[in-house]
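Below is one structure; the comments refer to it alone.
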Amino acid sequence: MHELSLCEGVLQVLEDTARNQGFKRINIVWLEIGALAGVELEAMRFSFEVIKKGTLADSARLEIIRLPGQAWCLPCAKSVEIEQRFDACPHCGSYQLQVTGGEELRVKELEVE
Ligand SMILES: [Zn+2]
């Protein structure tokens, strides 16, 4: 389950941020996850519960913000939303898409003490 190692990466970011900004506890973590990031949201929630134990995020709540997949369609010459990588363009059915967004996995915001 690679979500576990992703969560370890997130926790690393939280600890670095805490050191830089001088807070000791985190109440809420808002995590942005793109539809094309290849992340199982349920596995992510589960992993977070496991990994936060005994850390500064011990009692923190995880809020996941899901970002849509986005791609540039060459035939349409515009940006379209896609559900998964290798989806066809929802407007013209073309597969000539270049992914431009939706691969994010980042901490957007924290509520801290
Ligand atoms: Zn198109």
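Across segment 17-80, the relative contact order, built from alpha-carbon pairs under 8 Å that are at least six residues apart, equals 41 percent. Straight-line cross-link reach from LYS24 at under 16 Å between alpha-carbon atoms covers these aspartates and glutamates, not counting any fewer than eight positions away in the same chain: GLU15, ASP16, ASP58, GLU109, GLU111, GLU113.
DSSP beta bridges fully contained in the chain are about 70 percent antiparallel. Estimated from helices alone, the mean residue ellipticity of the chain at 222 nm is -9000 deg cm²/dmol (sum of -39500 (n - 2.57) over DSSP H runs with n ≥ 4, per residue). Sparse packing (at most 14 other Cβ atoms within 10 Å of the Cβ) combined with a DSSP loop state is found for the following chymotrypsin sites (Phe, Trp or Tyr not before Pro) in segment 71-107: PHE86, TYR95.
Across segment 50-57, computed HN-Hα scalar couplings (Karplus, 6.51 cos²θ - 1.76 cosθ + 1.60, θ = phi - 60°) run 5, 7, 6, 4, x, 10, 5, 9 Hz from first to last residue, x flagging Gly and Pro.
Taking the charge dipole of the chain about its Cα centre, with +1 at Lys and Arg Cβ atoms and -1 at Asp and Glu Cβ atoms, the residue from ALA43, LEU97, THR17 reaching farthest to the positive side is THR17.
Rg and Dmax of segment 56-113, both derived from C-alpha coordinates alone, stand at 16.3, 50 Å.
Take every pair of alpha-carbon atoms less than 8 Å apart whose residues are at least six positions apart; their mean separation over the length of the chain yields a relative contact order of 36 percent.
Taking only the C-alpha atoms of the chain, Rg followed by Dmax gives 16.9, 52 Å. For GLY38, no residue whose modelled amide H falls within less than 5 Å of its own remains once neighbours fewer than 5 places apart on the same chain are excluded.
Read the figures in this text as sums done on the coordinates, not as results from a lab. Just so it is clear, the structure is predicted and the values come from calculations on it, not from any experiment. Virtual Cβ from ideal backbone geometry, glycine too; neighbours counted across all protein chains shown.
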